[in-house]
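Beneath this line is the structure, given in structure tokens, with notes to follow.
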Amino acid sequence: MKNYLNNIAIFCDFDGTITKRDTIDSLLEKHAHSDWEVIEEEWRIGKIGSRECLEKQIACVENFSSNDLDNFINEVTIDENFPAFYQKILEMKIPFYVISDGFDIIIQNIFQKYNLHQPATFSNQLSLINNKLTTHFPMSNPGKCLVAAGMCKCSVLEQQKKNILYIGDGRSDLCASRLANVLYAKGKLQNMCKEIGREYIPFTNFQEINNHLFN
């Protein structure tokens, strides 16, 4: 694996992969009115795509202050093994990208909270103005994206010239995982990969990935 590391770029999902829980679900559970769960079910059964789902769900958060954001960020926890893994990646100067169908201000604030170097990030955008959250989807690709995602991960990976090492856990990672040379999967992504016959390396935490890559 060491020779392979000379020509890779690492793309890593955020929610449920770096964080222990999906941050959007946590936000909605605490701050949104209950309609968000109806919208979630529409997404789960494939009635709507993830961009429409996110847009409608965030609209269910009707009043959200800067203090609410700070308190929310304080409650989010990450895999305890991620900082050591990430530091190793930085020391080896391996290109590392967070690629997420979540939101930039959450990702940025979590990395800041844990005193981690801010990574290059591909994600949706979320603004907070006058206690109102507003979504932006600058990297959507409605004419191409098979799952109607807010952030079309495949479009990003298709531009990559290095070998792709992908790390993910869920539905938003499935299409992108098909483009990976090496795939580390946990959670729901493992079951999805089994269904389509996609090879993957199972993991439960970043210490396992660290051991597999560098030992």
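Nothing in this text is a laboratory measurement; each read-out follows from the coordinates by a stated rule. Every value quoted in this text rests on a predicted model; they were computed, and no experiment measured them. Cβ placement follows ideal geometry from the backbone for every residue including glycine, while neighbour counts extend to all protein chains displayed.
Data for the structure
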item: Wholly enclosed strands (runs of 3 or more DSSP E) of the stretch 82-155 bearing at least 2 residues out of contact with any Phe, Trp or Tyr (no Cβ under 6 Å at 6 or more places or on another chain) and closer than 14 Å to Ile10 by Cα; result: 120-129
item: Cross-chain or 6+ apart pairs with Cβ under 7 Å, the stretch 97-111 first and within 18 Å of Val156 (Cβ to Cβ), then of a type in the set (Asp, Glu); result: Ile99/Asp13; Ser100/Asp13; Ser100/Asp15; Gly102/Asp15
item: Matching residues, the stretch 124-146, being of a type in the set (A, V, I, L, M, F, W, C) and more than 15 Å from the chain's Cα centre (by Cα); result: Leu128, Ile129, Leu133, Cys145, Leu146
item: Filtered residues of the stretch 4-26 (kept if in a helix (DSSP H, G or I) and either among the basic types (Lys, Arg) or free of Cβ contacts under 8 Å to residues at least 60 places away in the same chain (or both)); result: Asn6, Asp25, Ser26
item: Any hit, the stretch 156-163, residues being surrounded by fewer than 17 Cβ atoms within 10 Å (Cβ to Cβ), on the phi < 0 side of the Ramachandran plot and touching a helix residue (DSSP H, G or I) at 6+ places or on another chain (Cβ under 6 Å); result: yes
item: Number of positions in the stretch 173-215 that are in contact with a Leu (Cβ under 9 Å, 6 or more places away or on another chain), of a type in the set (Ser, Thr, Tyr) and either crowded, with 22+ Cβ neighbours inside 10 Å or more than 24 Å from Asn7 (Cα to Cα) (or both); result: 2
item: Test: residue in the stretch 96-103 that is charged (D, E, K, R) and crowded, with 19+ Cβ neighbours inside 10 Å; result: yes
item: Condition broken by Lys132, with the remaining ones in (1) free of Cβ contacts under 8 Å to residues at least 60 places away in the same chain; (2) of a type in the set (Lys, Arg); (3) under 23 Å from Asp25 (Cα atoms) satisfied; result: (1)
item: Filter pass, Lys93 being in contact (Cβ under 8 Å) with a residue 12 or more places away in the chain and either more than 23 Å from Asn181 (Cβ to Cβ) or not hydrophobic (A, V, I, L, M, F, W, C) (or both); result: no
item: Residue match in the stretch 39-50 (condition: in a helix (DSSP H, G or I), touching a residue at least 40 places away in the same chain (Cβ under 8 Å) and of a type in the set (Lys, Arg)); result: no
